Each structure stands twice: as structure tokens, then as C-alpha cells.
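The values are calculated or read from the model by the stated rules, or taken from the named source; none is laboratory data. Note that the coordinates shown come from a computational prediction; the quantities given were computed from them, not determined experimentally. All Cβ positions, even for glycine, are placed from backbone atoms using ideal geometry, and neighbour counts span all protein chains on display.
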Amino acid sequence: MTAYVMPQNDSVRHQIRDVLVPLVAMFLASRLVLLVLASMTLQLSGAHGANSSLAPMLCRWDCEWYLGIAQHGYSTYEPGLAYGHAPGETTFGFYPLYPLIVRFFTPLMGGDVLHAGILVSNLCFLAALFYVYLYVRELGLNRSVGLLTACMLCVFPQSIVFSAPLSESIFLLLMAAAMYHFRREQYLVAGIAAALLTAVRPNGILFIVFAGVLLVQQHGLRAVLAPWRMPEKFVPIVLAPLGMFLFLTYCYVATGDAFAHESTESIGWGWAFVPPWENLLEQLHSGSVLALCAAISISVALCSLLLLQYGMYAEFAFCIASILLIWCGQGVVSLFRYWMILFPIWIAVARSVAVRPMGATLLCALLGMISGVIACAWALGSIIAL
Amino acid sequence: MGTGIDHRAVKPSAARRWTSFAALLALGVGYIAAYLFFSAHSQNFLVVQRNGRAMAFGETHPATSPITWQFGQNSPDNARLGSGWLAAPSYPGVRLLTQDGWIVFVTGRPDTDMLLRLDALVLTTQAVPRNTIEVSINGTSLGSWQRGGADAREPIEVRVPRSLVADGQWHVRVHVDHIGSIFGRDTGAARNGQDLLLLAIGLRRADSSNEPAR
């Protein structure tokens, strides 16, 4: 694969027309359609007053936790069953970077933390689309694959999450940025992005898997085992855990429990390490939505094999590690939300179908239809939109 | 006769490399040191918080032997329960939702050894027909019991040496090996999502009395 070099002779106007306009158009069109669908569903369901507004409708599931942290900071308080939460659920179940940024934007939105969260999520998603496109071009793939990948992310089932006050958008942005700059050997920028990534979610640490495998792929195992020869290439790997450790330090100072996140996750959300086959078999036999979640996760894992076919071993290692982590935890409780951010898989899928315009169109149409159904389910607060 | 190589130009590059490597190594060592420190000094804040509340209640409401407490929905004795338990309307007693549950209370200084009796229903499933319960008091294990099937409701009687509770403070830890669903699904060590119908044991009552001299 040859690295993508931004053409120096092309005019800015040409770049804007070729890249910026399509990406922004896909972003705006997909958000508009999903939000209109969700809004219409809300109206038809008989919701009225504040409950029929678009902004509150976007605040589902973990949103209130993030906005609560943005407004009031962290607390050891357990809301409990009286407030619709399981015993043990606390704000320490969520990492700080996204709420911190929302807090920063809140004064700009007149003190409205909800709209600040929506603004941050959408800006991050738009920026993520650019980074994903750049990443595709950095891999030596053409503009069509880049735009198709971005389109898939826009219409992916449950992509309404990217516009909701949740951390998926910023996680996707920082993951794509870290991987892009690492491939371009801009190690300090990659390291900063990776450190910020682990301050969004702990599974951001899996960036190290990508970086490690890519270094081995590019320089061989012996070179990697002698890091003093090229220490600059290890900067992102060493900086990556920094965000996480800063949060551990804060938790220790605030609660006496550096692993407050894990404590609340295990007691409040039931996270425990279980062999992945046990979780999957249990879910597949459950006969409920969980069985569908497990089946979709297996399909995603199979799609990730395309990365091996295209020689994207580092990306494969990252994606399969992410999938295994979900399988080993409390199980797959979401249909699509965990898989949207594994953008390398969707690059591989886009690469496979880009040569068949009809196939690509059908794929995007199918994804878009499912995304529309999920958006309606989201508006109704249905469990399938979790 | 020179080689054409300016060694002054080579040295800074090597020095810079080693400086960078040393900085990265220091940061890596810092991570390890921080992790070891945190592991040694951290306590599960939820357990500490909940047990602290139970202990605070116990200090203002000291118990006198013989004690008899009933646990369940809206029971005042639930205040003596530390971390791990849930009282819900659909099931009598309180359920242990995790592998460890605490009962925290205060008594006067005991004159004799004590007998603590836990009236509990121990959950088992087809895959796990016997469950093991271990009871510790103030960090000392006092035994383990296997229950399930015919003896699932048999009370757990724990002989407590008076030296263990000489200061009158009781931190009773009940540990179970296996958690499952009340509907008989075997979930191993994990809770399946947020299914609150999971339980390890259902605790209805705790009694204590003076242990007869042997």
C-alpha cells in the first residue's frame, strides 16, 4: 500500500468539492433523516410537551450519567432502584473526557448541558468522518472507498447514537486520529490522541494492540524488542495509558478506590470476566433480543476477517481484541452500538463492495433502512435501541 | 585523513534517542509503580460506603445477645446489611446479588463464644447442584458449607470465638461460589446484563446466641 500524499498542485476548491462537500452532505442528510424519523415516531406515539422534543429524545440510556457528570462532577452517590437504576450504579462508571468537553461547551449553549452534549457529539462525528476518510486514503485506497466508508458510518444501524450525548462520537474521532497519525509516523500527535482516547473509555487502551502489531509488521519483531533503537515509534504506545491512569489517580484521591470504575461496573452493571464462549452460548440459547445481539456480534467478527484478506493485520488485531473484550464482559447487550466504532471493518467492507456500485448502493440502502427502524425504536425508548 | 563522517552530528542523535528512550522507560515504570500502589491501597468504595453506613447504624443501635433479625422488604433490620444485598418485593428476605455480602453490627463485649445462625435459601441450578458458602468474621474464615437440593434451606450455623469479636464489632462476610438466576439459568460468575432476579442466597433471618460451654 502506498501512503496517500495530499496533492500539492490541486486547488483548495477542488479538495473542498471532492471531499468536504460529500462528507458534510452525508453527515447532514443522515442526521436529518434519522432525526425526522425519530421525531415523527415520537409525535405519532402520542408524546406531548417536553417529552415530544427532539433534544430530550436524544438523551437515552447512559446520556443522563454523562450530563450529570458534566453538570455536577463525580459522586459516590447511588441513585438506586427509586430512580430506575440498579444498586451500585454511580457516576464512576463513566470516564471523564467526554463530560469534561461537554462542560466546556455548556456556557456556549447558554448553560444548556443537553444541547452542549448534542453539539459536541455531532461535531466529533463530523470530524471523525474526515479522519476516517483520510485514514482510508492513507491506506492507499481510492476516494470511492473513503466516501463509501463514511457513508456506511452515517447510515449504520444505530448511528443515531453518534448524534446523541454519548461518547461514541468522540471515541471514534480519537481512535481514527490516533491510528491515522500513527500510520503517518506523526508519533507525538498519535500519542496525544491515544492518551485522550483512554480518557474517554478504558477500551481505548486497545490502541496499543494496533500500534504494536503495526510496528512488528513494519519493522519486524527484533526491532520492536529493541525499542531504544527507535524510541520515537513507541511514544504513542507509552502515552496511550496516560489518560486512564490520570482517571485512576483522580478516583483514588476522590474515593480511596483507584478502581472505582471497575467497582461500580462489577456491582452496578454486572461486569465480570467470563470466557467468551460461555457468554455467547448463554446468549444464543436465551431466545430473546440477546440472541440476536450475539448473532450480530458473530457476523461482525466474521466481517473482520476481510481485514486479514487485505493485509490489514494491525487493524484486524485491534478489532478482534475489541470484540473479544465485549464477549468476555457482561455480554453483548446492544445490537449495533459496539460495532459502529470499529471503522477498520467497515473500510474492508467498503473496499469489497466499492467495485460494485449496485452492491454498494444496496448495502447502504439496507443499512439505512435498519438504521431508520432503530431510530424509531430509539425515539420510543425500546430496548432494541440500547 | 577524515572519513567524511561528522561524529558530532552522530552523537546528538544517539543521545537524543537514549534520552527519549529513558523518558519513555520512566513513564512506563511510573505506570507500573502507580498500578502496584493503587492495587495495594485501594478498597472497593461501594463496599466501604455501604458497610460504613451499616456500621454507623450499628454504633447508634447496638445489639444485645440474643439477637434476632428479620430481613426483607421494608424491614428495619435491613440497616444492618452492608454491601451486596437487595430487598425486592417479589421475593421474601434479601437477595445476595454478588459473590460477597456483608452484615455489619455492634454488640457489647461477649463473655462467651457465640453462635451465629443464618436462615438462608441457597440457590442452585442444574449445572451447579451444590453451592458453597463461606462465612468470615472480621477477616477470619470460620468455615464453609455446601448446600443445595434437599438441604438448600438448612440454616448455616457459625461458631464465633469471642476473641474474634472482643471489641463488639462484627463484620460478617458471606461468600458464595456461584450466582444464578432465580429462574434456574446458570450464569457462572457473571450477572447477565442487569438481571436483578439473580441471587446467590436469599437471607431471611440472622440469630445469635451464646454458645454453650464445651
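Of all residues in region A:281-298, those being of a type in the set (Ser, Thr, Tyr) and within 11 Å of chain B (Cβ to nearest Cβ) number 2. Test B:Thr98 against the criterion of being surrounded by fewer than 23 Cβ atoms within 10 Å (Cβ to Cβ) and outside any strand (DSSP E or B), and give yes or no. Against the criterion (surrounded by fewer than 23 Cβ atoms within 10 Å (Cβ to Cβ) and outside any strand (DSSP E or B)), B:Thr98 does not qualify. Residues in region B:28-67 that are in contact with a strand residue (DSSP E or B) (Cβ under 6 Å, 6 or more places away or on another chain) and farther than 23 Å from A:Phe259 by Cα: B:Met55, B:Gly58, B:Glu59, B:Pro62, B:Ala63, B:Ser65, B:Pro66, B:Ile67.
Going by what's in this entry, would A:Ser75 be described as of a type in the set (S, T, N, Q) and away from every other protein chain (no Cβ under 14 Å)? Explain how you work it out, then say what you get.
Values: of a type in the set (S, T, N, Q): yes; away from every other protein chain (no Cβ under 14 Å): no.
No; evaluated as a whole, the condition is false for this residue.
Checking A:Arg351, A:Arg356 one by one, the residue that is among the basic types (Lys, Arg) and in contact (Cβ under 8 Å) with a residue 24 or more places away in the chain is A:Arg351 and no other.
Scanning region B:124-174 for residues that are under 24 Å from B:Arg50 (Cα atoms), outside any strand (DSSP E or B), in contact (Cβ under 8 Å) with a residue 40 or more places away in the chain and hydrophobic (A, V, I, L, M, F, W, C) gives B:Val165, B:Ala166.
In region A:204-224, the residues that are without any contact (Cβ under 8 Å) to a residue 24 or more places away in the chain form Cβ pairs under 6 Å with partners that are surrounded by fewer than 18 Cβ atoms within 10 Å (Cβ to Cβ) and in a helix (DSSP H, G or I), at six or more places apart or across chains, as follows: A:Val224/A:Val216. For residues that are within 16 Å of the chain's Cα centre (by Cα) and among the small types (Gly, Ala, Ser), scanning just region A:306-324, find the one that is surrounded by the fewest Cβ atoms within 10 Å (Cβ to Cβ). Here the answer is A:Ala321.
So is B:Ile67 away from every other protein chain (no Cβ under 14 Å) and of a type in the set (Val, Ile, Thr) or not?
Taking the combined requirement at face value, the residue satisfies it.
For region A:26-49, state whether one or more residues are assigned to a helix (DSSP H, G or I) and modelled with pLDDT under 80. Scanning region A:26-49 turns up at least one residue that is assigned to a helix (DSSP H, G or I) and modelled with pLDDT under 80.
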